[in-house]
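The next block holds one structure in the form of structure tokens; read it before the comments.
Laboratory data are not the source of any read-out in this text; all were calculated from the coordinates shown. As the structure is a prediction and not an experimental result, all values here were calculated from the model. Here the Cβ is made from the backbone with ideal geometry for all residues, glycine too, and neighbour counts use every protein chain on show.
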Amino acid sequence: MNKSYRPRGAVSTALALCLVMSVLPVLSANKYAKMHKRTSTTSTMGQKAVFIPGAPLTNVPFRSWIPRREKPKVVLLCIHALGFSSKSFDDFGRRMAQSGIPTFALDVRGFGAWMQKPEEAQMDFEACLTDVEQGLKTLHKAYPGLPVFLVGESMGGAIAIQAASRYPDQVNGLVSAVPSATSKSGGVMKTGVVVAFRTASSPTGKIDMSPVIIDGSTSNSALRTRLEDDPSNRMELSRKELAQFERFMKQTHDAAPLVERTPALVLVAYKDKLVTPSGSVDLFSEMTTPQKLMIGDGESGHLMLEEGQMTPEIERIIKSWLNEKAGRSIVSQDVVSR
């Protein structure tokens with residue numbers, strides 16, 4: 001059953017959403033969390049960058065947050081937003097591991113540890129989707145019998161949707177936060193405007209996207225400074241990469257209808273200053289899976305999961321949804337195996 005839940009803080013949602021949301025049932029995020037209330041035990045866990053020996057993912061840089069004592073019910077593979085890296089999921093990964101959920105996050109081609117090798121420092125979405133596929137296969141082997149869910153935000157949310165459409169047998173569930181790239185000014189994250197404005201004065205042909213990405217992601221001065229100073233972030237992109245990014249994000253609308261049977265949770269931020277929420281609502285509507293749920297948060301900005309921006313309410317909702325869907329996935333796998 002398709003559902004949409006909206007908290008009381010979202011009353012002032014942009015008019016663009018009203019027509020779309022009016023045809024969907026609306027409840028509060030608080031009510032959803034209470035309906036699926038669960039108790040989680042905090043466990044001792046470690047956070048480190050790991051490589052699984054002999055696995056196909058050994059050549060892909062990633063981080064992991066692994067609970068040491070609890071028996072997991074689900075495994076997560078996270079994909080970061082444009083300009084960021086797997087490091088951005090540090091707080092998210094720790095909080096998931098505290099509830100007994102092994103969490104992994106990979107670096108998208110051209111970002112994070114890929115920047116250490118000049119020949120591999122270019123954005124490549126096709127190669128990234130292959131990395132995601134190999135990561136999924138690796139985690140299925142490392143955690144046999146457990147469902148593996150994809151988690152992505154912004155660009156990562158779009159990558160997760162496209163991966164789910166390509167590899168439905170590998171993706172047991174999908175959490176996609178603000179996956180749209182349609183900006184409030186009408187372009188794709190304002191890239192067209194930025195390129196046109198900056199290219200003439202850029203002898204290298206590189207465009208500094210930090211004013212667009214960071215300004216649109218947060219108004220918190222401390223967080224802005226941290227994002228600007230973090231060497232694992234990469235905000236300078238070439239015109240070719242921006243064009244590739246724009247094409248890829250548009251392709252997500254072609255991929256969404258192919259998400260036919262994967263349970264999907266779409267998170268929409270009504271205080272998003274970077275992209276319009278209606279673009280993410282459109283992607284939710286385009287998915288054909290009967291097991292889809294959209295949560296609209298009236299308090300979150302563009303970063304809903306990364307850089308320590310996940311609210312306690314969103315954390316409760318995600319963990320409740322994961323627990324419910326993971327349980328159903330395990331039961332379904334047991335029936336099939338019998």
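At-a-glance table
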{"quantity": "Length-normalised contact order of region 203-269 in % [C-alpha pairs under 8 Å, at least 6 apart]", "calculated": "36"}
{"quantity": "Region 255-320 shape via C-alpha gyration tensor axes, a/c threshold 1.5", "calculated": "oblate"}
{"quantity": "Ranked list, fewest to most other Cβ atoms within 10 Å of each Cβ, for S154, S165, S285", "calculated": "S285, S165, S154"}
